[in-house]
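The values are calculated or read from the model by the stated rules, or taken from the named source; none is laboratory data. If you're wondering where the values come from, they're calculated on a predicted model, not measured in any experiment. Cβ placement follows ideal geometry from the backbone for every residue including glycine, while neighbour counts extend to all protein chains displayed.
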Amino acid sequence: MDIKAEHEIVHGKKLSSADPEEIWGWKTPAGMRRAQRRAKIIAQAASLAGEKYVLEIGCGTGVFTEIFAQTGARIIAVDISGALLALARMKKIDSKQVQFLEMRFEDCREIGPFDAIIGSSILHHLDIKPALTTIFDLLKPGGMMSFAEPNMLNPQIALQKNIPWLKRKMCESPDETAFFRWQIKKLLAKNGFTQIEVTPFDWLHPQTPAPLINAVEKGGLLLEKIPVIREFSGSLHISARKP
């Protein structure tokens, strides 16, 4: 097991001793709104539906697994943190539809290939070049990958990913980073993917007060359409197809 994986297992144990979903910002009213939109964007790009066999990488506590399952897709949800998976298994998700496995996604070859490979805020924890190669190999021909990841051009993201003491304060793992849009597009193309789309989105901060959520969300949708400004959105939606 490589050092990054070891760090993630240790980090998962640390998170599980508190409330990971609160730390990640998914439990606030704005955070729950963000999660629903993010999951919808990921699921739609991957064409999740009842007949699809799907791999979710880095499912953590199952926040997004629970939403993805609403599409009816059959999901293999993997994470290398047993501590986080223990929390995921406590959710009321049909075990006949969703299977939680404690393993590295690189070891999923025997249970693939998959119609789609998806995830939220996971690729930036990985060694991205070999990770994309493995994702390509695990997909069926015509299969889709769809992920939401932090955008390095967003000022807050840039600070918390690059300043060690701030990274620790934000309860982030030591190796995680973020992506530039053009960087990830180039890597996807090198790995043989087609129909590559990397789209900046997400201006709704999880700490947005509940009375302001609707207004901030509407304003954010407008900002996502404005050239240059949209590049500073908080997240990137990354999707691509295996020919």
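Below are the figures for this structure:
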quantity	calculated
Some residue of the range 220-234 being of a type outside the set (D, E, K, R), more than 29 Å from Glu22 (Cβ to Cβ) and surrounded by 18 or more Cβ atoms within 10 Å (Cβ to Cβ)	no
Failed item, numbered, when Lys140 is tested on (1) surrounded by 13 or more Cβ atoms within 10 Å (Cβ to Cβ); (2) modelled with pLDDT of 95 or more; (3) part of a helix (DSSP H, G or I)	(3)
Out of Ile128, Ile122, Ile75, sole residue that is more than 21 Å from Pro20 (Cβ to Cβ), in contact (Cβ under 8 Å) with a residue 24 or more places away in the chain and out of contact with any His (no Cβ under 6 Å at 6 or more places or on another chain)	Ile128
Residue within the range 162-180 that is under 24 Å from Ala45 (Cα atoms) and either more than 15 Å from the chain's Cα centre (by Cα) or exposed (fewer than 13 other Cβ atoms within 10 Å of the Cβ) (or both) present	yes
Condition met for Ile135 (of a type in the set (A, V, I, L, M), buried (at least 17 other Cβ atoms within 10 Å of the Cβ) and part of a loop (DSSP other than H, G, I, E, B))	no
Of the criteria (1) out of contact with any Phe, Trp or Tyr (no Cβ under 7 Å at 6 or more places or on another chain); (2) of a type in the set (Val, Ile, Thr); (3) at pLDDT 95 or above; (4) under 21 Å from Ala210 (Cα atoms), which one Val63 fails	(1)
Number of positions in the range 1-46 that are in contact (Cβ under 8 Å) with a residue 24 or more places away in the chain and acidic (Asp, Glu)	3
Count - residues of the range 123-149 that are touching a helix residue (DSSP H, G or I) at 6+ places or on another chain (Cβ under 8 Å), more than 22 Å from Arg38 (Cα to Cα) and polar (S, T, N, Q)	1
